[in-house]
Amino acid sequence: CPLGYYCSQNTSNPIPCPTGTISISAGSSNCSICPGGYTCSTTATVLSCQNCGGFQCTCVSQCNGGNYCPPGSITQLVCPAGTYTYNGMSYCLPCPAGYYCSFTVTPIICTQGYYCPVNSTYPIDCPAGTYGSSTGLQKMSDCTNCPIGTYNPVSAQTSLQSCLQCNYGNYCPIG
């Protein structure tokens with residue numbers, strides 16, 4: 001029985017392994033589930049392209065980054081926003097704090113003026129009264145408060161210079 005096929009006791013002809021499965025070795029009496037991180041989208045799929053004894057067979061396809069392929073996959077599944085994967089993965093990884101993942105292969109570092117908690121799909125503005133002077137901030141408390149006697153009416157600011165002096169006669173507490 002060639003690779004990509006199985007031979008049961010009651011048949012004289014090789015039977016192609018169905019989609020979502022593979023043949024691990026020649027002479028198999030059954031097929032195995034397609035391994036995680038790969039797709040087995042056609043019948044007669046094998047792990048590595050080899051001579052299939054004159055029979056037609058197809059190699060497994062490695063899952064692309066940004067997608068995941070659980071065991072038995074026929075097609076790649078797109079990782080949800082807030083997660084990412086590398087090539088050949090069977091599950092999505094949560095986007096780490098300080099980064100955001102919006103349908104990307106690799107996490108993108110959070111830019112100045114923003115913070116990104118775990119599983120962020122986009123950067124979140126440092127609120128008015130604060131600024132974010134560095135990249136990779138992970139939580140709102142990482143944004144720096146404007147000092148006493150200053151204010152900042154706009155969100156997503158990147159420097160102390162965005163904190164304006166309080167007008168005479170007004171009270172401006174920290175932030």
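The values are calculated or read from the model by the stated rules, or taken from the named source; none is laboratory data. For clarity, every value in this text was computed on a predicted model and none was experimentally measured. Cβ atoms come from the backbone with ideal geometry, glycine included; neighbour counts cover every protein chain shown. The accessibility values were calculated without ligands, DNA or RNA, using every heavy atom of the protein model including side chains. Shrake-Rupley method; radii C 1.70, N 1.55, O 1.52, S 1.80 Å.
Miscellaneous remarks
- Out of T106, T75, sole residue that is in contact with a strand residue (DSSP E or B) (Cβ under 7 Å, 6 or more places away or on another chain), modelled with pLDDT of 95 or more, of a type outside the set (D, E) and not in a strand (DSSP E or B): T75
- Any pair with Cβ under 9 angstrom, 6 or more apart, that starts in region 17-31 at a residue that is outside any strand (DSSP E or B) and ends at one that is loosely packed, with under 14 Cβ neighbours inside 10 Å and of a type in the set (S, T, Y): S29/S8; N30/S8
- Residues considered: C57, C101, C146, C95. Of these, the only one that is open to solvent by less than 60 Å² (accessible area, probe 1.4 Å), touching a strand residue (DSSP E or B) at 6+ places or on another chain (Cβ under 9 Å) and under 30 Å from V46 (Cα atoms) is C57.
- Per the listing G113, G72, the residue uniquely surrounded by fewer than 20 Cβ atoms within 10 Å (Cβ to Cβ), at positive phi and either in contact (Cβ under 8 Å) with a residue 60 or more places away in the chain or not hydrophobic (A, V, I, L, M, F, W, C) (or both) is G72.
- Evaluated against (1) open to solvent by 30 Å² or more (accessible area, probe 1.4 Å); (2) closer than 14 Å to G4 by Cα, C40 falls short on exactly one condition, (1).
- Residue in region 55-63 that is of a type in the set (S, T, Y), touching a Ser or Thr at 6+ places or on another chain (Cβ under 6 Å), at pLDDT below 95 and within 30 Å of S102 (Cα to Cα) present: yes
- Taking every residue in region 75-86 that is in contact (Cβ under 8 Å) with a residue 24 or more places away in the chain and on the phi > 0 side of the Ramachandran plot and pairing it with any residue that is among the polar types (S, T, N, Q) and part of a loop (DSSP other than H, G, I, E, B), at least 6 positions away or on another chain, the pairs with Cβ-Cβ distances below 6 Å are G82/N119; G82/T121.
- Verdict on I22 being β-branched (V, I, T), under 29 Å from the mean Cα position of the chain (by Cα) and either modelled with pLDDT of 95 or more or surrounded by fewer than 17 Cβ atoms within 10 Å (Cβ to Cβ) (or both): no
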